[in-house]
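Some notes on the structure that comes next.
The values are calculated or read from the model by the stated rules, or taken from the named source; none is laboratory data. Note that the coordinates shown come from a computational prediction; the quantities given were computed from them, not determined experimentally. Glycine gets a Cβ as well: all are built from the backbone with ideal geometry, and neighbour counts include every protein chain shown.
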2 protein chains.
Amino acid sequence: MRHRDLPPLATIRVFEAAARHLSFTRAADELGMTQAAVSYQIKLLEERLGAPLFLRRTRAVELTATGRLLAPATSEALDQLAAAFSAAKADAGGVLSVSVLPTFAAHWLAPRIGRFQMKHPDIAVRTRATRDVANFSRDDVDVAIRSGLGDWPGLEANPLFPVDFTPMYSPKLVERYGSIERPCDLLRLLLIDPGDRWWKLWFDAMGVPGFEPGGHPDARMGDQHLEARAAIGGYGVAILTPAFYREEIAAGLLVQPFPTASEAGQFYFLAYPTTRRNVPKIRAFRDWFLDELRSGEETCLAPAS
Amino acid sequence: MRHRDLPPLATIRVFEAAARHLSFTRAADELGMTQAAVSYQIKLLEERLGAPLFLRRTRAVELTATGRLLAPATSEALDQLAAAFSAAKADAGGVLSVSVLPTFAAHWLAPRIGRFQMKHPDIAVRTRATRDVANFSRDDVDVAIRSGLGDWPGLEANPLFPVDFTPMYSPKLVERYGSIERPCDLLRLLLIDPGDRWWKLWFDAMGVPGFEPGGHPDARMGDQHLEARAAIGGYGVAILTPAFYREEIAAGLLVQPFPTASEAGQFYFLAYPTTRRNVPKIRAFRDWFLDELRSGEETCLAPAS
DNA sequence: AGCATGCATAAGGAGATTCTATGCATGCGC
DNA sequence: GCGCATGCATAGAATCTCCTTATGCATGCT
């Protein structure tokens, strides 16, 4: 197993082709190089082996006994390698691993991913919903959907939409507590997770002074999704990204009374290593994703704005 | 079979070692290169494949799913190659093909070759006795014994002994035709193959004038051996190389009455391609051969001179 | 005889691969 | 917690391999 004593593998590849064709010229042809290069490599191998592999007959070459011994085994070995790499390529191209924020996964990706599968039946998608920022060199991840500024070195980041947010609540809440006309009216209601910095940012953006976060600052529930559930249940007002709750809004489960605010520069991004931007499955996913996003803007964002 | 699409084979070799060790550093060690080179080759292969093969964990590397798929197959293929080349090397080293002049084969090599086999039981000798000058690049020949000047480009030629010759006959001949004192006495007898140039050369060297070759000039029987048979049979006088007939002389079957002459510069040589002078079986044969020659000079050439 | 075919060889250069010298991340020990 | 050690990645420079072009040589065919 260890410490194999192999001749330069390049010479082996050339030998195999020459043995198959019984012609240096045709082997060179197949390998896309010149006859001189084949001659050179064969000679190299023969010297390394200490034995001639071809008899140079007048207008053709012929294998020596040693050459005849070697040819089938090398062909087989190269075939095996080719098969293995072809399988690996298929395997690598057939599974797309997506790291995605849980909220994004639940509200945006999950309802749409089926269409990607329809379009690319040969690509299996493995979705990994996690709040941890994926590390492409450490985790087996092909693409990631994450929020931030998009300034990740070595990554190509396609901006999706801003990380914006706005208060939302259930219509049931209005029934109970009366109508809400101005942003400051919200202060009378129960804010779900008032420690979320988004509340402060939003009130500031709306010009409502005097909001002081209750609870621990930075004590978010950690997942927008849970806050949304609470709001839908009529428990209070949650600050949410409306793009994620189009269905709930359309179904009358949530109301968005005011415009959104956004953290400066923060976007959702579709990201992947720049070096892999032309890998077919990645390109396919990105193309589909951006396309999906564009058509979504036409049909859904119009009523929301 | 044709047109395989393989990554650079060097990267495959590096990958296999790295996968086996699960460490770039140790793989570099095994392959006799630096860790940086391994890293470079792996990256090359990953880019070529469009998929990562290793996960870079903090203090070790780990195979990805694709890598795990690939590793066993590449190991197997490389093992197969190693086995094939090892077998080829054994095969090439185990058979020594000797092209040799028929006379030399019969009188010098045949009686001694057994001792070579005793000394090197792992080397099989295939003797090809032919008058045709072996062409090393065209015929499957490792070493050749031939006569000439030794000025063959690309060949290493070990001089053995001069191509010398002298008249020889059976003692029976003297019984019938009377004693032979001087070279010119031979002219009374039947010269076997008088067209052989050696007769002319020998008489010239002995200072016997007036010898005119009978028969067609250059109409040699072609083989000293046949002439020797005729001489032993008492048919006439043959011009022979005495070194080849030591046994016959010793046994009293042939008599050598006069000194030898030789063609200027002509020697018997043991020859092989210079590039192959260090191939073990060739080196073994040459060493044995020259040794045999040297010890032969001590024991046998002494009485002849 | 002349031409065409196929391999060998020489010289030259482009490119690949390696090495050295770093940087970086991180686990471990004190 | 703070250094230290380990292991991989990267940059830049120096080789060194390998290929191509251009030719020669041997030989079979017309």
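Structure summary
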quantity	calculated
Filter result (within 31 Å of the chain's Cα centre (by Cα) and within 19 Å of B:Tyr177 (Cβ to Cβ)) within region B:231-253	B:Ala238, B:Ile239, B:Leu240
Lone qualifier among A:Thr66, A:Thr74, A:Thr103 - being touching a helix residue (DSSP H, G or I) at 6+ places or on another chain (Cβ under 7 Å), assigned to a helix (DSSP H, G or I) and within 30 Å of A:Glu248 (Cα to Cα)	A:Thr103
Search result, residues across region B:41-67 that are within 10 Å of DNA strand C (Cβ to nearest atom), over 14 Å from B:Thr11 (Cα atoms) and aliphatic (A, V, I, L, M)	B:Ala60
Hey, A:Ala129 within 15 Å of A:Phe269 (Cβ to Cβ), small (Gly, Ala, Ser) and not assigned by TED's automatic domain parsing to the domain that holds A:Thr241 or not	no
Failed condition for B:Val279, given (1) surrounded by fewer than 16 Cβ atoms within 10 Å (Cβ to Cβ); (2) modelled with pLDDT under 85	(1)
Residues of region A:114-158 classified as within 14 Å of another protein chain (Cβ to nearest Cβ), away from DNA strand C (no atom under 16 Å from the Cβ) and in a loop (DSSP other than H, G, I, E, B), total	2
Test for B:Asp91: is it within 24 Å of A:Pro7 (Cβ to Cβ) and in a helix (DSSP H, G or I)	yes
Test result for B:Gly265, at positive phi and within 30 Å of the chain's Cα centre (by Cα)	yes
Residues of region A:22-54 satisfying the condition of being facing another protein chain (nearest Cβ under 10 Å), more than 14 Å from DNA strand D (Cβ to nearest atom) and surrounded by fewer than 19 Cβ atoms within 10 Å (Cβ to Cβ)	A:Gly50
Search result, residues across region A:97-112 that are without any contact (Cβ under 8 Å) to a residue 60 or more places away in the chain and among the hydroxyl-bearing types (Ser, Thr, Tyr)	A:Ser97, A:Ser99
Region A:5-19 - residue that is surrounded by fewer than 17 Cβ atoms within 10 Å (Cβ to Cβ) and more than 11 Å from DNA strand D (Cβ to nearest atom) and, of those, modelled with the lowest pLDDT	A:Asp5
